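Asks: Attaching a single structure in structure tokens format; questions to follow.
A short reminder: the numbers here are calculations on the coordinates, not readings from a lab. A quick note: this is a predicted structure, and the numbers were derived from the prediction, not measured. Every residue, glycine among them, receives a Cβ derived from its backbone with ideal geometry; neighbour counts consider all protein chains shown.
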Amino acid sequence: MFKRISLVLAVAGLAISTVIFFRVELASVSASLNEPSKRIRFDVAAFEERSGTRELLAETTVEGPPGTDFDIKLQGARFRMDARFVNDLVASESLQVRVDLNTRRLYGQSERNLPLYEEDTQKQTLHLGFEEKLVLLPFGRNDSTLNSDQLKIEITPNLIEQTTSAKTRPLEIKILKASTGNLITVEATKVPHRFSWTVVLFKDGQEVAKGAVEDALVEQAQEISLKPNAQAGADVLGNPISLDLTTMRYVRNRPQDQVAFEFSLHHHQTGQGTTEMTAPEAAGIAQLTEPMSYDVSDYFKSAGAKYELKLIVKLAAGEDAK
Amino acid sequence: MDCKEFREVLDLYIDRELSSEAENSARLHVNECSRCRRAEQQLRSLRRALKEMVAKNDPPLGLVGAVNKISHPWWKSVFTPDGQQRRTRLWGRQVTLPAPVFAVLLLFVLGLGALLVRRPASTAPTASISQNRGGPTAATSTEAATGAIDLSRFDQGGRVSLYKAPR
């Protein structure tokens, strides 16, 4: 009798837990479907301005999920501009836009009839609200010559909330007005921007310190402190280690995508309060979830011991490699 | 001179190509021998008849020029084998120069040619750079011809600028 009651209770408990589990799962799936997913549309318009009047030369829209990047290229006979915009939605109403501006202008010709170019590279990081826009002046501000023509490219972000699963939609580029002669071209890409890193220090094959960062943005330096564990000796305990790690870019590759990164290893001298950079400017390209090993024995003073640094990169939660 | 010898030189006798002594001997023989005299008259009448026949038919116009070209090519008028100057045009006349003068002239011409070829590269590197900013160039003309917007009118040499602005 007691066995029967126990069996019935066990079956009932299993059934209840199963129902609860599936209800929770279904509820979360339903919530994710009904939750407004965000997409961002950038309106890119090129104008020619003169004496207060403006004429639209080209207009394009780029729409995609947060993290959609785009390039604006301006190609003339003697001038070329490549502007790369790496975008991240850092808050509900704020975008972080990292811009690489590269220009190249034909300056003239040498006495040997070789072309001479004037090149310029700028990097900027801007936090942009959706009530703001970016104004790009490929030839700079011509304040001194008010009557001269000025080329202006305006980039206006728009936040779009959709109830459908917007993540499954690919990014879209719409050319509303094409420039003559392919003067201005716009390209858009969507690659992961956020990564989680795990860094482990091994001494003679035994883990002695570990550090991690969960949400590292691409092209943004992160400091990862390695916390010594119980197996760590005085060499690690006395001199805490940290990494300056920068995820440089996401590389599409087969069979698996890769991540390019740079890092510097620092030794913190406790007591003296100074920081010693022991392995500066190391770099590598790692496959996702595959550890990258670096022999850093030369940077520790313990003679005979082998120190190894392993870095593992994964996509951050919410990132999609597709 | 007997009959056999006369018949051997009969053509030369008629053509008056014999030496004076041979011609006198032949003339004496003709006066004495009726058969040789008759042979001489027959040959003269034959030649006359041939000339009359040929004179009746003019050759084609092109044939005369072609034969003249073959017999008198242009270079024969310049390089005369016997060194005598023929009547040629001014530009076709033979010019003779002493070998040293010719060598000096040849060196001068070669040196002048080499100087003209190497002149752009031999300019000092400190010379000014040819700058064509702002003005229309061949490249911009090509751009205009293809229908593209001429960017040079925007280009005052400024640096690219990016800033935020309210919408």
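Asks: If you take the beta carbon distance between A:ALA321 and A:LYS227 as r and set R0 to 35 Å, what does 1/(1 + (r/R0)^6) give as a FRET efficiency, to the nearest 0.05?
Replies: Values: r = 29 Å, r/R0 = 0.84.
Plugging the Cβ-Cβ distance into 1/(1 + (r/R0)^6) gives 0.75.
Asks: OK, next. Once you list every other residue whose beta carbon is under 14 Å from the beta carbon of A:ALA286, what net charge do they have if Lys and Arg are +1 and Asp and Glu are -1? Present the calculation step by step, with values, prior to reporting the outcome.
Replies: Numbers: positive: A:ARG249, A:LYS310, A:LYS314; negative: A:ASP257, A:GLU262, A:GLU290.
With Lys, Arg at +1 and Asp, Glu at -1, the neighbours total 0.
Asks: Then there is this: Could you tell me which of rounded, prolate or oblate describes the stretch B:3-54, using a ≥ b ≥ c as the square roots of the eigenvalues of the alpha-carbon gyration tensor, with rounded for a/c under 1.5 and, failing that, prolate when a/b is larger than b/c and oblate otherwise? If you can, show how the numbers build up before the last one.
Replies: Working: a/c = 2.62, a/b = 1.56, b/c = 1.68.
Verdict is oblate for the stretch B:3-54.
Asks: A:SER110's amide H: which non-local residues (gap 5+, or another chain) put their own amide H closer than 5 Å, with H modeled 1.01 Å from N in plane and none for Pro or chain starts?
Replies: The answer is A:LEU116.
Asks: Mind checking A:131-141 for the average number of partner chain beta-carbons within 10 Å of each residue's beta-carbon? Display every interim value, and only then the final one.
Replies: Values: counts 2, 4, 5, 4, 5, 4, 7, 8, 11, 8, 5.
Taking the mean over all residues of the peptide, I get 6.
Asks: Now a separate question. Can you work out ³J(HN,Hα) from phi for every residue in the stretch B:25-39, in order, using Karplus 6.51 cos²θ - 1.76 cosθ + 1.60 and θ = phi - 60°, giving whole Hz and x for Gly and Pro?
Replies: Karplus values, whole Hz, x for Gly and Pro: 4, 5, 5, 4, 5, 5, 5, 8, 10, 6, 5, 5, 5, 5, 5.
Asks: Within the stretch A:154-274, what percent of beta bridges assigned by DSSP are antiparallel, to the nearest 5?
Replies: Details: 28 of 29 bridges.
Given both bridge residues lie in the stretch A:154-274, the antiparallel proportion sits at roughly 95 percent.
Asks: OK, next. Shielding of A:45-54 by partners, i.e. mean partner chain Cβ atoms within 10 Å per residue? Don't skip to the end; give the middle numbers.
Replies: Numbers: counts 0, 1, 0, 3, 1, 2, 0, 0, 0, 0.
Going residue by residue through A:45-54 and averaging, the value is 1.
Asks: Could you please report the charge total around A:ALA316, scoring K, R as +1 and D, E as -1 over all other residues with beta-carbon less than 12 angstrom from its beta-carbon?
Replies: Values: positive: A:ARG194, A:LYS314; negative: A:ASP88, A:GLU214, A:ASP215, A:GLU319, A:ASP320.
Around A:ALA316, the surrounding residues sum to -3.
Asks: Excluding A:LYS174 itself, what net charge comes from residues whose Cβ is under 15 Å from its Cβ, given Lys and Arg +1 and Asp and Glu -1?
Replies: Working: positive: A:ARG39, A:ARG41, A:ARG169, A:LYS177; negative: A:ASP43, A:GLU59, A:GLU63, A:GLU172, A:GLU187.
Local net charge: -1.
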